[in-house]
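The block underneath contains the structure these notes are about, expressed in structure tokens.
The values are calculated or read from the model by the stated rules, or taken from the named source; none is laboratory data. Since this is a predicted model, take the numbers as computed values, not measurements. Note: ideal-geometry Cβ built from the backbone for every residue, glycine included; neighbour counts use all protein chains shown.
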Amino acid sequence: MEYLTLNNGIQMPLVGFGTFMLNGETCTNTVISAIETGYRMIDTAETYGNEKEVGEGIRASGIDRKELFLVTKVNFKSYENAEQTVLQSLKNLKTDYIDLLLLHWPFANYYAAWHSLEKLYADVKIRAIGVSNFEPDQLLDLIAYNKIVPTVNQIETNLYCQRSTERSWMDKKQVAHMAYAPLGQGNRNEMYQEPAVVSLAEKYEKTPAQILLRFLTQKNIAVIPRSTKPEHILENFALFDFTLTNAEMEQLSTLDRKEPLIGKPETPELVEFSLTW
Ligand SMILES: NC(=O)c1ccc[n+]([C@@H]2O[C@H](COP(=O)([O-])OP(=O)(O)OC[C@H]3O[C@@H](n4cnc5c(N)ncnc54)[C@H](OP(=O)(O)O)[C@@H]3O)[C@@H](O)[C@H]2O)c1
């Protein structure tokens, strides 16, 4: 595993396991399977409604809690009472600390929520705090008028949505880049068929998904792919035994369409939809 050092000095794995839309026994069992495969970072959220199942998977895996990097998010509907919500997340996850706690969306009173996170961080229940889905202007505003600079911004990032502008602002402020939907959420399968991706997969004897994930991790973007299939869980973790050349990285960079599927709701329907995440 490779790691990113966050702006508060803590180390975060570059590859983790996403749990959006995983519920019940499927969630528990895939978390166990991911931990057995070697994943040490697990991403969940209050809104996914699966923190208990994630906690159960961690418990059942028998892993030492200290070996894990646990990420969860506060939903914007809880921003007015974020502290209590986080205490509930700790209970759900059956743990006494969270490694990385994020504000899920820049909606509602996220300033109040950020102040609660700053307080929880000082109380040592949380090792790092950060944000998700923050556009550069929102991120810069939060940084300018608060004490703690977010360690991470988790934003939709994949081959068709590479986020170079967002990234340059995040780099300036030392906010690490974490990609959600790194495989296009299963809705952008043409990514797997891009000729450049297919030919690199052949060259390195890897799958297209591994090329797509390696492209991101080589740019120091943490990835949290989700899968329920053991073979996908395995391949998404096996990313560090090959390296794309600079020319190959540049070739893949040209495929950016700057098209988020989720992360930049521009119509009322999409905003409505994203509020359920
Ligand atoms: N902060 C936010 O607002 C936000 C929003 C969305 C997601 N997230 C987080 O980011 C995580 C990842 O994003 P996501 O779950 O939306 O989408 P994703 O990881 O990009 O894509 C998941 C889809 O890709 C398929 N897949 C996985 N590995 C594959 C492989 N090796 N080959 C072919 N297909 C593969 C999965 O199907 P199979 O099960 O069949 O493998 C599933 O349909 C989430 O689980 C969640 O933790 C955060």
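Against the test of being without any contact (Cβ under 8 Å) to a residue 12 or more places away in the chain and over 28 Å from R65 (Cα atoms), the options P136, P195 yield a single qualifying residue, P195. Tallying residues that are β-branched (V, I, T), surrounded by fewer than 22 Cβ atoms within 10 Å (Cβ to Cβ) and touching a residue at least 40 places away in the same chain (Cβ under 8 Å) within the range 6-59 yields 4. Applying the criterion of being touching a residue at least 60 places away in the same chain (Cβ under 8 Å) and of a type in the set (V, I, T) to the residues of the range 204-224, the residue that is surrounded by the most Cβ atoms within 10 Å (Cβ to Cβ) is V223.
Within the range 225-243, not a single residue is farther than 27 Å from T30 by Cα and without any contact (Cβ under 8 Å) to a residue 12 or more places away in the chain.
Each row is one residue, and each column tells you yes or no for (1) charged (D, E, K, R); (2) assigned to a helix (DSSP H, G or I); (3) away from the ligand (no atom under 13 Å from the Cβ); (4) modelled with pLDDT of 95 or more.
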site	(1), (2), (3), (4)
E118	yes, yes, yes, yes
R127	yes, no, yes, yes
L139	no, yes, yes, yes
S168	no, yes, yes, yes
Y192	no, yes, no, yes
A209	no, yes, no, yes
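Before we move on, is L159 farther than 30 Å from G9 by Cβ, within 14 Å of the ligand (Cβ to nearest atom), out of contact with any Gly (no Cβ under 9 Å at 6 or more places or on another chain) and touching a residue at least 40 places away in the same chain (Cβ under 8 Å)? Considered against the rule, which asks whether it is farther than 30 Å from G9 by Cβ, within 14 Å of the ligand (Cβ to nearest atom), out of contact with any Gly (no Cβ under 9 Å at 6 or more places or on another chain) and touching a residue at least 40 places away in the same chain (Cβ under 8 Å), L159 comes out as no.
Would you confirm whether or not the range 98-113 contains a residue that is among the polar types (S, T, N, Q), modelled with pLDDT of 95 or more and not in a strand (DSSP E or B)? Checked the range 98-113: no residue is among the polar types (S, T, N, Q), modelled with pLDDT of 95 or more and not in a strand (DSSP E or B).
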